[in-house]
Structures are given as structure tokens and as C-alpha cells.
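The values are calculated or read from the model by the stated rules, or taken from the named source; none is laboratory data. Note that the structure is a prediction, hence the values are computed from the model and not measured. A quick note on method: Cβ atoms are made from the backbone with ideal geometry, for glycine too, and the neighbour counts reach across all protein chains shown.
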């Protein structure tokens, strides 16, 4: 007989990625606390509909700046899947909000006796941006984006993901918490243009530079959710994990990406696809491959 699955909290379950992690956990038999910040979005409506028919799902309203509301949502949970995102896009003020939220969430985990592991959703943009992005150096989990460069270029999404992940790591290590982070590429999947428009466009700031330097990568949301759950279930996971399915490195692939994200990118300049030039792929996924293969 299978052992009973532990309880897990997904915060924020009303984000695009959080919702797919929530669905994946329920499909695997977990009891899930869905912590949501947003109001009546389509995803929130779906979660509340699911709560009415799914006895293993409970919904909690939280404010990431309200430490006590987070504690309530975490009560009894062994896992936290932390996927913070701003539904209205990113600017310099949102950066500070996301960092403070990450600190509150990790501190709440430190005060939750049942907590075994945090799986923190971050981004490849927390690793790829620096003055010498055009260098030939391969990029792996050891790299961090340069904060000053992000500020200078107004890459607010990348800065928010960099600083919030670094703050989460610093506090998790100080509190001796078991944490891993999943650094996702540009998330694609069902209805992504409708349900995740602002984060998608925020990620794509600097897309031309990412493309030309071999670091524009995409990840399917279902695969991403599965990797998050594997990262919790595999006791050997440690540190950061780059997560993507494909590096966009030809003009033909770039055109397909634009089509995938329609109508978000419908007004953007279209590539004149010659199909002849391919840029070197510079992102490495050795750790991800081991996790997916079950040898992390």
C-alpha cells in the first residue's frame, strides 16, 4: 500500500505556474493548501471551483507582507512550493515587494515545525544578465545576474527574481532550512498569453540579446510543475536547478515562439525568417537531467 502523501502548500497558487503545480500535486494524491493573493482572476475561480469538489484541497487568502496569514496557510504542511509573481508586471517598486515577500515566506517556514522542504520558483533571468553577456562562457547554476546591470538596463523582472532568490537562500541557510530553487525559462503552455501576459512580457525584455547570445530558453508549464514536485520528492536534491525544454537559437524557432505567444507579440516586429543563422546554446542542464532521470 502506498504511503499517505504529506500536505503541501502552494503559494501563490493563483499564479500561472502555481496553478499547474497545484494540479500536479492533487493528481499525485497530495493534500494541498492553496494560498492565493489575487482576487477574482480566471485561475482563482477555477481553484475555488476545484475546492468545492476536491476534499484534499483547501484555499487560503494570504498577503505576502502579512507574516501571520502565511503561517496559517502553512500549518501542517511538509512542503512549500513558493512561486511569487506580480500579475500587473514589474517595475522598481515591485522588486522590493517581491523580496520582502520571499523573506516573509521563508521565515514563516522556519516557524512551521512540520516543514521539510521549500521548493522556490525562480527564473533563468536570475542567472544570465551581466555586462559581458556576449562572452562565450557557458552558463549554469553557479551564475547570478548582475544587480547593477539589471538596474541600469531596467530589467526589473530579472532583478526581482535575482534579489528575491538570493534573499530566500540567505535566510534559508541562516535558519537551516532544506530548500531548492527551480530557475525556469520563459514559461509556455495552455492559455499562457491570456493567463500570464504581464510576466511573459516582463521576462521577454531583452529578448533579442538573450536570443543572440544563446540564453533564450522556454519551458512547458506541465514539465516545470513536474520538476518542482520531483525536486521535493527526491531527497538528494540540493541547490539550484535550471529548468527548460528548449533553447531558442534559430530564426525559425524564434518565429515559432512569437506565434506561440500570440496575441501578446502580434504587434512586435516579426523576424524575417531565413532559417540560416543559428546561435550557440550556452545554458547547461546537467543537474536537471539527473533529476528527471532520477539520479539527482
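Observations on the model:
Residues are listed down the side, and each one gets a yes or a no for (1) out of contact with any strand residue (DSSP E or B) (no Cβ under 6 Å at 6 or more places or on another chain); (2) assigned to a loop (DSSP other than H, G, I, E, B); (3) under 15 Å from residue 186 (Cβ atoms); (4) at pLDDT 65 or above:
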{"site": "265", "(1), (2), (3), (4)": "yes, yes, yes, yes"}
{"site": "273", "(1), (2), (3), (4)": "yes, yes, no, no"}
{"site": "280", "(1), (2), (3), (4)": "yes, yes, no, yes"}
{"site": "295", "(1), (2), (3), (4)": "yes, yes, no, yes"}
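- Residue match in segment 47-67 (condition: within 22 Å of residue 219 (Cα to Cα) and surrounded by 13 or more Cβ atoms within 10 Å (Cβ to Cβ)): no
- Restricting segment 148-165 to residues that are in contact with a helix residue (DSSP H, G or I) (Cβ under 9 Å, 6 or more places away or on another chain) and surrounded by fewer than 16 Cβ atoms within 10 Å (Cβ to Cβ), the residue that is nearest to residue 88 (Cα to Cα) is 154.
- Just so you know, in segment 176-208 the residues that are assigned to a loop (DSSP other than H, G, I, E, B) and touching a strand residue (DSSP E or B) at 6+ places or on another chain (Cβ under 9 Å) include one that is farthest from residue 109 (Cα to Cα), and it is 204.
- Residue within segment 128-138 that is within 25 Å of residue 11 (Cβ to Cβ) and either outside any loop (DSSP other than H, G, I, E, B) or in contact with a helix residue (DSSP H, G or I) (Cβ under 7 Å, 6 or more places away or on another chain) (or both) present: no
For every residue, the table says whether it meets (1) touching a helix residue (DSSP H, G or I) at 6+ places or on another chain (Cβ under 9 Å); (2) surrounded by 23 or more Cβ atoms within 10 Å (Cβ to Cβ); (3) within 26 Å of residue 131 (Cβ to Cβ); (4) without any contact (Cβ under 8 Å) to a residue 12 or more places away in the chain.
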site	(1), (2), (3), (4)
197	no, no, no, no
205	yes, no, yes, no
213	yes, no, yes, no
217	yes, yes, yes, no
224	yes, yes, no, no
228	yes, yes, no, no
245	yes, no, no, no
249	yes, no, yes, no
254	yes, no, yes, no
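- Selection of segment 72-90 for residues being crowded, with 18+ Cβ neighbours inside 10 Å, out of contact with any helix residue (DSSP H, G or I) (no Cβ under 7 Å at 6 or more places or on another chain) and outside any loop (DSSP other than H, G, I, E, B) yields only 73.
- Single condition residue 211 does not satisfy, out of (1) closer than 20 Å to residue 243 by Cβ; (2) at pLDDT below 95; (3) out of contact with any strand residue (DSSP E or B) (no Cβ under 7 Å at 6 or more places or on another chain); (4) in a loop (DSSP other than H, G, I, E, B): (4)
- Test: residue in segment 91-113 that is within 24 Å of residue 182 (Cβ to Cβ), in contact with a strand residue (DSSP E or B) (Cβ under 7 Å, 6 or more places away or on another chain), touching a residue at least 12 places away in the same chain (Cβ under 8 Å) and not in a helix (DSSP H, G or I): no
- Within segment 6-49, the set of residues being assigned to a loop (DSSP other than H, G, I, E, B), out of contact with any strand residue (DSSP E or B) (no Cβ under 7 Å at 6 or more places or on another chain) and closer than 26 Å to residue 107 by Cα comprises 15, 37, 38, 39.
- Take the conditions (1) under 15 Å from the mean Cα position of the chain (by Cα); (2) at positive phi; residue 29 misses just one of them, which is (1).
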